[in-house]
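To keep things clear, I will list the structure first and then write my remarks on it.
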Amino acid sequence: MTARPSEPTITGMLTPQLDVASAAHRARSAQAPAGIPVIRVRGLRKAYGDHLAVRDVDLDVHRGEVLALLGPNGAGKTTTISILEGFLEADAGEVDVLGVDPAKAPLAWRERVGMVLQESAPEASLTVRECLQLHAGWYRAPRDIDETLALAGLTDRADRRGAQLSGGERRRLDVALALVGDPELLFLDEPTTGFDPAARRAAWDTIAGLRDLGVTIVLTTHYMEEAERLADRIVVLADGHVRAEGPPSTLGARDRAAATVRFTLPAGAELPDELASRATAMRGRIELLSAAPMTDLHALSGWALEAGLELSDIEVRRPTLEDVYLDLTRTTGSLS
Amino acid sequence: MILHTLRYELLALARNKRARVFTLGFPVLLLVVLSGLSGNSPTTTFDGASVSLQRFFLPGVLAMSIVTSCFAALVQVVVTRRHSGIYRRRRATPVPAHVLVAAQTLATTILGAAAAAILLVVGKAFFGVGIGAGPLVALALTFVLGALCCCAVAFLVATVVPTPETAQPVVQFVMFPVLFISGIWFTRDDMPQWLRSIGDALPVAHISDALHQAVQASSFTGAIAPGDLAAIAAWGLGAAWLASRRFSWLPSTATA
């Protein structure tokens, strides 16, 4: 799939419609008692035969929040989401989504919940518009079809049949189908898989727009940038339980983790002892793990200026979300 | 909501080339070949009475078209939709399960009825097999009941077929032997008793027999076969009941 010039502008065109649509959501959000989570999970457990897929998972998702579930394949993300969606029954634990146990939820509960499932084929013989019309007819108060098409970036694909859609377009149809019921809670299981970079940006804008409308979103993804851009909070699952939890900026004590200072030491120069003892050489470059980068940089620059050295390639790097994530999930050995 | 869903099911079916060829085209071709080959009025027997081959083949092919469209094709569609996540996505909406089942069953039956109408017109126009108004009503009733029964059996069989790849062989393995012993191509009059007994235990022979009776009769009452219709209804209800207990909308490997 190639980037189309229309894609980056989609959300720009949308802004007025989003404002109109948001009225209903604001009203609905206002009714909800504050402080009661939209999703509340305690001690969730699910096994397939001998394999414990999810164990002792606690989870709270608050109204209007975007929560990203991260974890290696097989960590229990999809199992957890399937239970929250009501497709799977938990073996043990309490699950409460919008006030009910999803496994026993009445059909009316599904009026309020939108789902982008991990694998689903389009209806091959129906056009994108017809497929949306079919689904819209099952809701009491569906979102307008044209508005939904625009939200998902499918306006110029409306008359294309399911069988003719590219991978990214099929995924966007999934997103459109999840939005056509005008949900207040949205589950997105790897929503941008198969998207090219431009389409992914457009999808992020769409999701961010939905959050601005007050839609609560639970999302799984393998793209760290996606989680960082969209999520208010990240939960890292590994081996079926919660390994870490927090906002992207502080996950896994990322904000307090050591920074790395890198530079090339000019030939013949020698670091002062107090820095040299903590430095390691990597392919000709010095790497200094620093818990207090300001103090260390001050010492380093004082020494360099005095010695008349210009460390022109010096860089200071904070651990990225991916660094933290890989650290958190490394010990599991289930990176399959 | 059923009508809304039915509209899109019919639209999808009408656009499906495979459905058009196999459900609408193939039975007509078969009728033309069988009836054409049997020219010069040779006869066979149905229930002991002599009948022209052309009049024998029309209800036979009608019965076969019910089985191919409402059983074979439906099993394939149901298993494919389940496997590809289409059902799962539909069940993520507030649509009740019975709406999906009813709409799909009705759409399949309507397509089957369209095939039947073409067969009746071709039979009359090219092979002179006319049917009176009374028997025609009985024929329609029998056809619809048979179609609904086959749809129920299709949903039931779909519960034991895991993937679209296995649907084809399972369907063929079930369908062809049953068609052979059910009086579609050969009269059951000449079959050994044990084969007739197997046929009697299954629904297709009753569908075929009831359709034969309707085509050969001259009045509505004469065209109705109460015993056969009761057997078809019993099979349909039994299959529907079992399917409703065992049917799953999710692929067998739904989660991992």
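Coordinate-derived values only; no laboratory data. None of the values given here were measured: they were computed from a predicted structure. Quick reminder, even Gly has a Cβ in these numbers, built from the backbone with ideal geometry, and neighbours come from all protein chains shown.
Between region A:66-87 and region B:131-161, the C-alpha centres lie 43 angstrom from each other.
Comparing B:Pro177, B:Ser252, B:Ser219 along the charge dipole axis of chain B, the residue lying farthest to the positive side is B:Ser252, per the Cβ-charge model.
Centre-to-centre separation between the Cα atoms of region A:187-247 and those of region B:211-246: 55 Å.
Between the Cα long axis of helix B:226-246 and the first principal axis of chain B there is an angle of about 10°, rounded to the nearest 10. Between A:Thr260 and A:Asp56, the C-beta separation translates, for a Förster distance of 41 Å, into a calculated FRET efficiency of about 0.75.
Size check on region B:64-196: the Cα extents along the three principal axes, sorted descending, read 51, 35, 23 Å. If you average the alpha carbon positions of region A:289-307 and of region B:174-189, how far apart do those two centres end up, in angstrom? Between the Cα centres of region A:289-307 and region B:174-189 lies a distance of 91 Å. Mean projected area of the Cα convex hull of region A:258-317, taken over all directions, amounts to 3.8 nm². Once the Cα atoms are used to define both axes, helix B:164-181 deviates from the longest principal axis of chain B by about 20 degrees. Counting Cα-Cα pairs of region A:7-252 in 5 Å increments starting at 0 gives whole-percent bin shares of 1, 6, 14, 18, 20, 17, 13, 7, 3, 0, 0.
As a calculated quantity, the FRET efficiency between B:Ile110 and A:Asn73 at R0 = 45 Å, using C-beta atoms, amounts to about 0.55. For B:Gly132, no residue 5 or more places off, or on another chain, has a built amide H under 5 Å of its own.
Here the protein assembly as shown carries DSSP beta bridges of which approximately 70% are antiparallel, counting only pairs with both residues inside.
Computed extension length for A:Thr250-A:Arg283: 8.8 nm, one decimal, from 0.36 nm per residue of separation with the Cα-Cα distance subtracted. Here's the list of lysines a cross-link from A:Lys46 could span, going by alpha-carbon distance under 16 Å and ignoring same-chain residues fewer than 8 apart: A:Lys77. Note on chain B: percent of Cα-Cα distances in each 5 Å bin, starting at 0 and stopping at the bin with the largest distance, equals 1, 6, 13, 18, 19, 16, 11, 7, 5, 2, 1, 0, 0. Considering all alpha-carbon pairs of region B:45-126, what whole percent are spaced by more than 19 angstrom? Here the tail beyond 19 Å accounts for 54 percent of pairs.
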